[in-house]
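Novice: Quick one: the structure is below, questions incoming.
The values are calculated or read from the model by the stated rules, or taken from the named source; none is laboratory data. In this text the structure is predicted, and so the values were computed from the model without any measurement. Virtual Cβ from ideal backbone geometry, glycine too; neighbours counted across all protein chains shown. Side chains are part of the model used for accessible areas, which takes the heavy atoms of the whole protein and leaves out ligands, DNA and RNA. Shrake-Rupley method; radii C 1.70, N 1.55, O 1.52, S 1.80 Å.
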Amino acid sequence: MRQIWIYDIEVYPNLFCVTFWDNQANEKKIFEISDRYQHIVELEEFLLTNTNKYLVGYNSINYDDKILKRFLHWCKINTENDEFGLRDYLFEYSKSIINGTCTDSNYTKQPWNSIDLLLIHRFHKLGIGLKQVGVTLKCPKIQDLPYAYDKMLTEDEIDNVIAYNANDVFITYKL
């Protein structure tokens, strides 16, 4: 059975989180890797089960899919669930994507199908970001990333980033 999950990822030095939302089943899954939760095994199982899965994102081919493939690569080469090593690994990779210094290697084949709404709508040609899309769609809440991407977050700030992440998933759904 084909599943369609709308998703978005946030990566900080002490937080990795990804929100998936299946709007047909109204099911939301939030995976967090931080000092308080280590959903490593759960995320790996989610990504590897049901290979007829479609992940829908915004700029997902250039960022989110790459991060998830790196996550799976890390899971394959590490036998210990060392959340600190994983967070460092993903943060450094995320930073290289953001700074434009990423030298991409396809470490692992992605076991899902990707739909990138940025590319489908050709918004990359016009430089239209997700927040601009949200304004056009009259979404009730538009917000920029609440903290610099390299900030060590407090627990309250982690909650704010997760709420921000879920809001980005909602805007992607509206699109």
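Novice: I'd like the residue in the stretch 1-21 that is over 18 Å from residue 164 (Cα atoms) and in a strand (DSSP E or B) and, out of all such residues, is modelled with the highest pLDDT.
Specialist: Filtering first and then ranking leaves 4.
Novice: Only one of these conditions is not met by residue 85: (1) loosely packed, with under 14 Cβ neighbours inside 10 Å; (2) touching a residue at least 24 places away in the same chain (Cβ under 8 Å). Which number is it?
Specialist: So the condition that residue 85 fails would be (2).
Novice: Also, I was wondering about something else. Kindly evaluate residue 153 against the criterion of being touching a Leu at 6+ places or on another chain (Cβ under 6 Å) and open to solvent by less than 40 Å² (accessible area, probe 1.4 Å).
Specialist: Judged against the criteria, residue 153 is a match.
Novice: Does residue 45 count as in a helix (DSSP H, G or I) and of a type outside the set (S, T, N, Q)? Break it down into steps so the answer makes sense when it comes.
Specialist: Numbers: in a helix (DSSP H, G or I): yes; of a type outside the set (S, T, N, Q): yes.
When the stated conditions are applied, residue 45 passes them.
Novice: OK, next. Test residue 92 against the criterion of being within 19 Å of residue 166 (Cα to Cα) and charged (D, E, K, R), and give yes or no.
Specialist: No; evaluated as a whole, the condition is false for this residue.
Novice: Does residue 29 count as open to solvent by 40 Å² or more (accessible area, probe 1.4 Å), of a type in the set (Lys, Arg) and at pLDDT below 95?
Specialist: For residue 29, the condition - open to solvent by 40 Å² or more (accessible area, probe 1.4 Å), of a type in the set (Lys, Arg) and at pLDDT below 95 - is not met.
Novice: Given the options 66, 28, 76, 95, name the one that is more than 25 Å from residue 151 (Cβ to Cβ), assigned to a helix (DSSP H, G or I) and of a type in the set (Lys, Arg).
Specialist: 76
Novice: Filter the stretch 131-170 down to residues that are closer than 17 Å to residue 118 by Cα, part of a helix (DSSP H, G or I) and over 14 Å from the mean Cα position of the chain (by Cα), then give me how many there are.
Specialist: 6
This table checks each residue for (1) surrounded by fewer than 17 Cβ atoms within 10 Å (Cβ to Cβ); (2) of a type in the set (D, E, K, R); (3) modelled with pLDDT under 90.
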site: 48; (1), (2), (3): yes, no, no
site: 51; (1), (2), (3): yes, no, yes
site: 54; (1), (2), (3): yes, no, no
site: 57; (1), (2), (3): no, no, no
